Each structure stands twice: as structure tokens, then as C-alpha cells.
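The values are calculated or read from the model by the stated rules, or taken from the named source; none is laboratory data. As the structure is a prediction and not an experimental result, all values here were calculated from the model. Heads up, the Cβs are rebuilt from the backbone with ideal geometry, glycines too, and the neighbour counts pull from every protein chain shown.
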Amino acid sequence: HAKKAGVGVALYDDSYDIHSQKRLSLISGLPRAIKENELILHYQPKIRVSDRTVSSLEALIRWQHPEHGLLPPDQFIPIIELGDSIIELTNWVINRACLDCRKWQDQGISVDVAVNVSTLNIQDEQFIKRLDRILGEHHIHPGQLQLEITESVIMSDTKRAQKTIRALDSMGVGISIDDFGTGYSSLAYLKRIPVDELKIDKSFVMDMEQDDNDAVIVRSTIDLAHNLGLEVTAEGVETAGALDLLDVLGCNYAQGYYICRPVPADKIAPWIDTWSE
Ligand code: C2E
Ligand code: CA
Ligand code: CA
């Protein structure tokens, strides 16, 4: 007991101030980050398993921070999500992703883009209006945009989330359930909410060749999705064997380091060229 408490106290004492300072500096630094172009989107392709063609690109944010270096999203998104700044951040991401998508289309590359959105975005009453404006500004068809939400977004405030997701659905925006299988929620929402796709979490996909339980979960999720009339993506595809297995299981789309790591926007066109050869 004593040892446990000691560790707990030590962690609290030593790192709390640093962490909370960093937190505050991250939150207060966001407007500057946007203005000074410190935020960067990397894109990770998603391919159709059946013919291995590229179907979409998922935008994954990074922050080139002047003090803390290149920050991965896990180091600042959860902090930003605690406050209203996530609204501004997601706006920035959607806007940049649509801008990049327009550039690709003008180069003859026709791909959809996917953006991760947070609970507060789905609860924000202005979200649809702003999204509509951004899509219009960049001449992006709503059907070319997918929004990835987690189950916690849906569970947070079902009525409001339902309303926003229905509105997105009637606009034609695709809705994908990210990290599927990792939440604690029931599956009942799948009957009420117009979802287009389940995205199987990488924790199941990465080890499915070795771990029979993971393989069962992946297989069952693919079947569940198809029986509900939904499409399904597997993320975390790290080997040729995993991709082949997904093909056998009838998974629609795949994403992962074996196919391509997340890369800066200007690396996408060259990657597609070599991939399609
Ligand atoms: P996610 O949406 O589940 O994204 C997948 C994460 O897994 C990404 O990490 C990606 O780089 C990584 N990944 C992709 N393929 C593989 C693979 O084959 N093996 C392994 N081990 N990992 C793989 P990343 O870029 O660090 O993003 C982490 C999380 O941060 C994302 O998880 C997402 O929840 C969040 N995030 C990223 N960008 C945004 C954003 O613009 N807005 C919001 N709200 N969240 C974001
Ligand atoms: Ca995602
Ligand atoms: Ca995930």
C-alpha cells in the first residue's frame, strides 16, 4: 500500500505542475498555432481491399510546436478537447483537408477525405452550417467527405448527436465509427443512427494473424457490418498477410503502415503514382 501511495504522490508532485503548465500553454497557444501555420495535416491512404485502389485519405493532425517539437495528436488533442478550442481546431482541419482535396482533384486525383471529429463538434449547433460553407468554398461534394467519430461521441448526448448525424447524412457526408469495438457502449445506436461504415480498431487488426481471439473479433465485425448493410474498414494493417486475410474475410477497405504511413500532403501524389504502377 505504502509503495503504491508513494508512487502516486511522486507522480503527482513531480509532474503535475509541468503537465498542467504544458496543458495551459498548449491550450492558450492554439490560436497562435493556427495563425503561424504550426499545425500540419498528414494523410494516410485507405485502399479498397478487392482491387487495392486508393479510396480516401484520412487527415491526421500534428503540431510543430516552437517549444515542444513535433507533437503527435495524442499529446494535445485530448487537452484541446477539454475546452472550446476543439471547435476552432476541427474547423481548421476540415478547411485544410477540403483545400488539399480540391488541389488533388485539380491534379486529376479523385479521392475522398476523412476527418476525425470530437464530441463537442457534434454537439455544436453551428457545426453543420460551417461545414456546409467550407464545402461550398472549396467546391467539395459532401459525398467526398467522411467524418470519423467514436462511440463516445454518440453516447455523450444521444439526442443531439443523433440530430447532427442525421443532418450530415442528409447532406450526403459519410459517417464512420472509429475505434469500433473498443468502447463500452451497446450496439443499439447502430439501429438509430445513420452510420455508413465501421472502422475496426487497430488493436484487433495488428495481431489477428497470431491471436485467434482478435481474428474472431475482426471476422465478426466484418460480418456484423455487412449484415447491417454497412461498409467496413480495418486500420492497423501492418503486414501483407493481414491484408490477404482481410481480403478472404471480405473486408471492404484497409489502412495501415504496410500500405502507407501518414505522410505530408505533398507526398500523396507521388505515393499514389508508385502505388498504382
Ligand atoms: P485514429 O483516428 O484511430 O488514427 C489512427 C492512428 O493509428 C494514427 O495515429 C495513425 O498514424 C496510426 N496508425 C495508422 N496505421 C497504423 C499501423 O499500421 N500500425 C500502428 N501501430 N498505428 C497505425 P496518430 O496520427 O498519432 O493519431 C492518433 C489519434 O489522434 C487518432 O486516432 C485520432 O483519434 C486523433 N486525431 C488525429 N488527428 C485528429 C484531428 O484532426 N482531430 C481529432 N479530433 N482527432 C485527431
Ligand atoms: Ca480515425
Ligand atoms: Ca483507431
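Things worth noting here:
- Among the residues making up region 178-205, those that are among the aromatic types (Phe, Trp, Tyr) and surrounded by fewer than 21 Cβ atoms within 10 Å (Cβ to Cβ) are Tyr184, Tyr189.
- Of all residues in region 67-80, those that are near ligand 1 (Cβ under 9 Å from one of its atoms) have Cβ atoms under 8 Å from Cβ atoms of residues that are charged (D, E, K, R), 6 or more apart or on another chain, in Pro72/Arg62; Pro73/Arg62.
Okay, residues lined up against (1) more than 16 Å from ligand 3 (Cβ to nearest atom); (2) touching a helix residue (DSSP H, G or I) at 6+ places or on another chain (Cβ under 9 Å):
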residue	(1), (2)
Ser55	yes, no
Gln64	yes, yes
Glu88	yes, yes
Cys98	yes, yes
Asn116	no, yes
Gln126	yes, yes
Leu131	yes, yes
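- Residue in region 174-191 that is more than 16 Å from ligand 2 (Cβ to nearest atom), in a helix (DSSP H, G or I), closer than 26 Å to Ala234 by Cα and modelled with pLDDT of 95 or more present: no
- The set of residues from region 166-186 being out of contact with any His (no Cβ under 8 Å at 6 or more places or on another chain), away from ligand 3 (no atom under 16 Å from the Cβ) and closer than 18 Å to Gln144 by Cβ comprises Ala167, Leu168, Asp169, Ser170, Met171, Val173, Gly174.
- The set of residues in region 252-261 that are touching a residue at least 60 places away in the same chain (Cβ under 8 Å) and either crowded, with 19+ Cβ neighbours inside 10 Å or within 14 Å of Thr233 (Cβ to Cβ) (or both) comprises Asn252, Tyr253, Ala254, Gln255, Ile259, Cys260.
- Qualifying residue in region 147-169 (condition: among the polar types (S, T, N, Q), more than 16 Å from ligand 2 (Cβ to nearest atom) and farther than 21 Å from Asp84 by Cα): no
- Residue match in region 206-228 (condition: part of a helix (DSSP H, G or I), buried (at least 19 other Cβ atoms within 10 Å of the Cβ), within 12 Å of ligand 3 (Cβ to nearest atom) and of a type in the set (A, V, I, L, M)): no
- Scope region 239-277; condition outside any helix (DSSP H, G or I) and under 30 Å from Glu38 (Cβ atoms); matching residues: Gln255, Gly256, Tyr257, Ile259, Cys260, Arg261, Pro262, Val263, Pro264
- In region 112-128, the residues that are at pLDDT below 95 and assigned to a helix (DSSP H, G or I): Thr119, Leu120, Asn121, Ile122, Gln123
- Residues that are of a type in the set (D, E, K, R) and touching a strand residue (DSSP E or B) at 6+ places or on another chain (Cβ under 9 Å), drawn from region 185-204: Asp196, Glu197, Lys199, Asp201, Lys202
- Per the listing Ile61, Ile47, the residue uniquely among the β-branched types (Val, Ile, Thr), within 11 Å of ligand 1 (Cβ to nearest atom) and not in a helix (DSSP H, G or I) is Ile61.
- Of all residues making up region 148-173, the number that are buried (at least 17 other Cβ atoms within 10 Å of the Cβ) and not in a loop (DSSP other than H, G, I, E, B): 10
- Count - residues of region 141-173 that are charged (D, E, K, R) and either touching a Lys or Arg at 6+ places or on another chain (Cβ under 8 Å) or under 25 Å from Gly236 (Cα atoms) (or both): 2
- Cβ pairs under 6 Å, 6+ apart, first in region 148-170 and closer than 23 Å to Leu60 by Cβ, second β-branched (Val, Ile, Thr) and away from ligand 2 (no atom under 16 Å from the Cβ): Ile165/Ile193
- Of the candidates Thr119, Thr164, the single residue that is touching a Ser or Thr at 6+ places or on another chain (Cβ under 9 Å), within 16 Å of ligand 1 (Cβ to nearest atom) and under 20 Å from Glu88 (Cβ atoms) is Thr119.
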